[in-house]
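Working notes, beginning with the structure itself.
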Amino acid sequence: MSVPAIVQSRLNGEQVAARVSLGGEDGLYVTKTRTLIYRADGLLSDESVEEYSHDAERIEISEGRRKSSVTLDYGIDGQEKFKVPSNRLYEALHPVLAGVLNAADVTGPDETVKQTYQFSELTLVITSERVVKHVGAAVWDEDYEEFHFADVTALDVEEGSVSSQIIIESAGRPQRIKTPSDQTREVRERIERALLEYHGASSYEEFAREHADPDDHADAEGEASADSDPDADEEADPLAGGGVDPIDANPPELDENGAIVEEEASVTTADRPDDAESVSAAEASDAAAKAAAASASAPESTESAERAERADSESARSQTDQSGDSDEAALTADAADTTDTEDTADAADASGAATAANASAETTDSDGFADSGFEPASSELERDTTEAQLEALTEAVQHQNELLAEQQRTLQKLIDELSRGR
């Protein structure tokens, strides 16, 4: 990480703990006791460094569309404020807040700030050893709550449609942190990672087993032993596993030798004489009906055959007549086509002659103008003048474009410096 020489001269032996780019060459440098704002040489100001002590009682922010401000309140010593680009506000606020918390002894010397969140008036700081919760207009002040990871025994979430609550069980009491639902998962995972790292656990399940209530653990072991005792199951159901089949309520019929008598699958026709007689009568009636229908349809089929023969003969005669008519029509069409072809050829010859006559007339006119001896004046002088004018105009346009590009770069640099809070 490159530190400008003017910033190094103001460190007084301290190490730079964090650096945040503010656009261009400008940057924010955080040490253990101070925050330094570096402004590079620009159109609006020369190279400079501003210092802000971390002995602040409150931190407040004011967000704007392009620029935002961070105000450090030192109580009776007044306030100091610096500006940063709005898109770098929370990136710059995180190390500044960590330095202020460390200077106020809220965090220890070896404790690091993992993540900082601000939800409306709720500020949530996750460190390597605790969760710091503050509710108020300021980002931080002395009115805060903290939950040390040494006292945390469980972590849970109550999900909602708009907002959700993260439940931290600390010292046997649930502590609730309200967060937007779209960021609850991220906050919960950040807290869980810091919690597991603090306790040296590889997973939340391992952490939960180590910090489970001893009474709950004993109850779980008792339930497990009861499940593994087979005698308990036998006492609960004395009939289970006896291996005795129930007695059949309808035993099969046995013959004289003790074998099972099988029932006949169907009843024969001999066992039902009345049904056999009715079936024979029905079959006789159907045969008689079929014979009567065949005799009635015989004359009709003969008449149909005669009508079909007459229709075939009439169709043959009509086809012969139509073939004769078609031959006559074909001869007539051939004659008409021959006549049309001759007329078309005559028309084409007449059109060609007219075109040739017109072309000859045009040639005569042009030859007559050429024979007059008239020649147009030379335009070489005019061409030279036009080329010179175009060359001069091109140079002027190029020069104008260079000036516009330089002005654009100057304006862009000015806008960048203004957006960086100068």
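The values are calculated or read from the model by the stated rules, or taken from the named source; none is laboratory data. Because the structure is predicted, anything quoted here is derived from the model rather than measured. Note that each Cβ is placed from the backbone with ideal geometry, even for glycine, and that neighbours are counted across all protein chains shown. Ligands, DNA and RNA are stripped out before the accessible areas are found, and what is left, the full protein with its side chains, is counted by its heavy atoms. Shrake-Rupley method; radii C 1.70, N 1.55, O 1.52, S 1.80 Å.
Of the accessible area of the range 76-125, computed with a 1.4 Å probe over protein heavy atoms only, carbon and sulfur atoms account for 43 percent. In the full protein context, the range 7-90 carries 54 Å² of accessible surface per residue, based on a 1.4 Å probe and ignoring ligands, DNA and RNA. Annotation: peptides 56-69, 91-104, ranked by per-residue average of other Cβ atoms within 10 Å with the highest first, follow the order 91-104, 56-69.
Could you calculate the FRET efficiency of THR153 with ALA103 from 1/(1 + (r/R0)^6), where r is the beta carbon distance between them and R0 is 30 Å, rounded to 0.05? Computed FRET efficiency for THR153 and ALA103: 0.45. Using 0.36 nm per residue and subtracting the Cα-Cα separation, the extra length available between GLU402 and ILE415 on full extension is 2.7 nm. Probe radius 1.4 Å, ligands and nucleic acids ignored: give me the carbon and sulfur share of the accessible area of the range 11-56 as a rounded percent. The value for the range 11-56 is 42 percent carbon and sulfur by accessible area. The label point for ILE76 and the one for SER48, both projected 7 Å from the Cα toward the Cβ, are 3.0 nm apart.
Here each label is just a point 7 Å from Cα along the line to Cβ, and for GLU186 and SER86 those points are 1.9 nm apart. The amide H of ALA201, built 1.01 Å from its N in the peptide plane, has no neighbour under 5 Å, considering only residues 5 or more places off or on other chains. Length available on full extension from GLU142 to SER21: 0.36 nm per residue minus the Cα-Cα distance, which gives 40.6 nm.
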